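The values are calculated or read from the model by the stated rules, or taken from the named source; none is laboratory data. Here the structure is a predicted model, which is why all the values come from computation and not from measurement. No Cβ is skipped: glycine too gets one built from the backbone with ideal geometry, and neighbour counts run over all protein chains shown.
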Amino acid sequence: MNVDGAEDGGWELDPEDDAQAAVEAVGRQLKLWREAAGMRPAEFGAAVGYGENLIYKIERGVRIPRPEFLDKADEVLGAGGKISAMKKDVEQARYPKKVRDLTRWEAETVELGSYENHNLHGLLQTEAYTQALFDMRRPAWPQEEANRLVAARVKRSSIFDRTPAPALTFVQEEVTLRRPIGGKMVLRRQLERLLEVGQLRNVEIQVMPTDREDHAGMGGRIQLLKFGDGSVVGHSQGLGNRRISDPKEIRIIELRYGIIRAQALTPRESLAFIEKVLGET
């Protein structure tokens, strides 16, 4: 059982988050169900396996309940699935707003292109690789926050299951394939994941070898998201490390990304290269 100090039944919510209203509404409903069952917060907390302090926070809407918490509450309060159904109301609030915005864009994009020079792109990462990245951050995040960000990044991988499928292109620096983030076994599984994803008909992964003499990506990472209405959102470290929608700046990013792709190994050569690195790992 979790005592008051161990609040892993949910996540803290930013008071300025626009999901606040939904979380507060769920909290009020939980309180009504608890009171209708004639249970005090401490009694209810003991029944669901969490401390009284956490129950108060969830009911006030300052803490986001986890899906398993809502399932247990539904069972204890005999709600017949009505409380479990509220998981949909708080699902998006589980993740930071900036991640929700990115996820929404990725869900609407018809074409995504990315050049990464430091880590593997988030959509390509395995859960273990992502966890290792967040765990090694300095200064360190609280474990709860790291876990929340990992869950958010893993959720984004649903883009590979979309229908119709978007066109996804990735250019990765060779070093991102060789740095053993999380250890060699994590890296091996990560390389295997790249080979799996690289076989998808709508995905092209390219490798930029370290020994390339000509390289248009020295300004840093690039990302482009194109939408069905013709609009484009971009990001480039070389243009101030910010999100960009101005057509003139977008053209610069598109030009740079096109040259980077031309300078990198072809998708077929890249998969063979990844297989070679996997064999050496």
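In contact with an Asp or Glu (Cβ under 7 Å, 6 or more places away or on another chain), of a type in the set (S, T, N, Q), assigned to a helix (DSSP H, G or I) and under 20 Å from residue 117 (Cα atoms) - does that describe any residue in the stretch 244-264?
Within the stretch 244-264, one or more residues are in contact with an Asp or Glu (Cβ under 7 Å, 6 or more places away or on another chain), of a type in the set (S, T, N, Q), assigned to a helix (DSSP H, G or I) and under 20 Å from residue 117 (Cα atoms).
Do you know which of the residues in the stretch 70-81 that are over 27 Å from the mean Cα position of the chain (by Cα) and of a type in the set (D, E, K, R) is surrounded by the most Cβ atoms within 10 Å (Cβ to Cβ)?
If we take residues in the stretch 70-81 being over 27 Å from the mean Cα position of the chain (by Cα) and of a type in the set (D, E, K, R), then 74 is surrounded by the most Cβ atoms within 10 Å (Cβ to Cβ).
Yes or no, residue by residue, for (1) free of Cβ contacts under 8 Å to residues at least 24 places away in the same chain; (2) touching a Phe, Trp or Tyr at 6+ places or on another chain (Cβ under 6 Å):
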| site | (1), (2) |
| --- | --- |
| 190 | no, yes |
| 193 | no, no |
| 203 | no, no |
| 207 | no, yes |
| 230 | yes, no |
| 248 | yes, no |
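Hey, can you tell me all the residues within the stretch 255-281 that are surrounded by fewer than 17 Cβ atoms within 10 Å (Cβ to Cβ) and without any contact (Cβ under 8 Å) to a residue 60 or more places away in the chain?
Matches in the stretch 255-281: 255, 258, 259, 262, 268, 272, 276, 279, 280.
In the stretch 44-69, how many residues are more than 11 Å from residue 27 (Cβ to Cβ), touching a residue at least 40 places away in the same chain (Cβ under 8 Å) and buried (at least 22 other Cβ atoms within 10 Å of the Cβ)?
Total meeting the criteria: 3.
Considering (1) modelled with pLDDT of 90 or more; (2) within 17 Å of residue 87 (Cα to Cα); (3) of a type outside the set (Asp, Glu), say which one residue 39 fails and leave the rest.
It fails just one condition, (2).
Just one of the numbered conditions (1) surrounded by 14 or more Cβ atoms within 10 Å (Cβ to Cβ); (2) touching a residue at least 24 places away in the same chain (Cβ under 8 Å); (3) within 15 Å of the chain's Cα centre (by Cα) is not true of residue 114; which one?
Among (1) surrounded by 14 or more Cβ atoms within 10 Å (Cβ to Cβ); (2) touching a residue at least 24 places away in the same chain (Cβ under 8 Å); (3) within 15 Å of the chain's Cα centre (by Cα), the lone unmet condition for residue 114 is (3).
One line per residue, one yes/no per condition, for (1) at pLDDT 95 or above; (2) more than 29 Å from the chain's Cα centre (by Cα); (3) of a type in the set (S, T, N, Q); (4) surrounded by fewer than 18 Cβ atoms within 10 Å (Cβ to Cβ):
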| residue | (1), (2), (3), (4) |
| --- | --- |
| 3 | no, yes, no, yes |
| 10 | no, no, no, no |
| 27 | no, no, no, no |
| 32 | yes, yes, no, yes |
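Kindly list, by first and then second residue, each pair from a residue in the stretch 149-173 that is touching a residue at least 60 places away in the same chain (Cβ under 8 Å) and closer than 12 Å to residue 103 by Cβ to a residue that is not in a helix (DSSP H, G or I) and not polar (S, T, N, Q), limited to pairs with Cβ atoms under 8 Å and residues at least 6 apart or on different chains.
Matching pairs, first to second residue: 155/95.
Tell me, please, whether a residue that is at pLDDT below 95, within 27 Å of residue 72 (Cβ to Cβ) and surrounded by fewer than 14 Cβ atoms within 10 Å (Cβ to Cβ) can be found in the stretch 89-100.
No: zero hits.
Can you tell me how many residues in the stretch 149-174 are hydrophobic (A, V, I, L, M, F, W, C) and more than 15 Å from residue 133 (Cα to Cα)?
Count: 7.
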